[in-house]
Amino acid sequence: MLPLESQIDEGGVPVFIKEGTKENMLTEALLDGANFPEIRLEGNGVVGSLDAASLPVSIQMLGRTIEQTFPASISITEDSVLVQGEYQLTHADLGLEPFSLLGGAMAVGAEIDFTYRLRANVVAQ
């Protein structure tokens with residue numbers, strides 16, 4: 001049962017659960033936020049067509065670099081470029097162990113779903 005004062009975020013997740021998850025993710029056992037406060041994602045170009053592109057990326061975290069390729073669709077208009085897609089990684093892909101309690105009886109899922117949408121607009125000078 002949720003505490004009466006619980007707030008729900010825009011995705012339907014109780015705020016206290018979201019905050020607890022963030023706190024757990026930043027611990028030394030997972031993302032070690034005190035020693036590695038940033039996760040950096042760098043794009044390395046585009047491969048393929050606009051509607052079925054692949055984006056080779058480097059994910060820099062925990063002092064190491066992980067190479068991945070994200071699927072994307074790219075839309076170009078007169079005044080903007082939109083790149084968007086969905087991707088799934090596992091904790092193992094990132095070199096992480098999923099958070100668990102009670103000897104693994106309770107654990108977060110192994111998969112991490114990402115949805116991204118990047119827009120670049122032309123700025124009038």
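The values are calculated or read from the model by the stated rules, or taken from the named source; none is laboratory data. Bear in mind that the values here come from a model prediction, so they are computed numbers and not experimental data. Backbone-built Cβ (ideal geometry, glycine too); neighbour counts: all protein chains shown.
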Given (1) within 18 Å of the chain's Cα centre (by Cα); (2) more than 16 Å from LEU94 (Cβ to Cβ), where does ILE8 come up short, assuming only one miss? (1)
As an exercise: evaluate SER100 against (1) within 17 Å of the chain's Cα centre (by Cα); (2) under 19 Å from THR21 (Cα atoms) and give the number of the one condition it does not meet. (1)
Take the conditions surrounded by 10 or more Cβ atoms within 10 Å (Cβ to Cβ), modelled with pLDDT under 90, farther than 23 Å from GLY109 by Cβ and not aliphatic (A, V, I, L, M) and apply them to GLY43. Does it pass? yes
What do you reckon, is GLU67 in the same structural domain as GLY109 (by TED's automatic domain parsing), closer than 17 Å to ALA120 by Cβ and out of contact with any Phe, Trp or Tyr (no Cβ under 7 Å at 6 or more places or on another chain)? no
Going residue by residue through region 46-53, is there one that turns out to be of a type in the set (Asp, Glu) and within 22 Å of TYR116 (Cβ to Cβ)? yes
Filter region 49-62 for residues that are loosely packed, with under 14 Cβ neighbours inside 10 Å and under 24 Å from GLU111 (Cβ atoms); the one that is modelled with the highest pLDDT is SER58
When only residues in region 98-119 that are surrounded by 10 or more Cβ atoms within 10 Å (Cβ to Cβ) and farther than 30 Å from SER80 by Cβ count, which is modelled with the highest pLDDT? GLU111
Inside region 79-97, the number of residues satisfying the requirement of being among the hydroxyl-bearing types (Ser, Thr, Tyr) and at pLDDT 90 or above is 2
Considering region 5-37 alone, what residues qualify as being in a loop (DSSP other than H, G, I, E, B) and touching a residue at least 12 places away in the same chain (Cβ under 8 Å)? ALA29, LEU30, LEU31, ASP32, PHE36
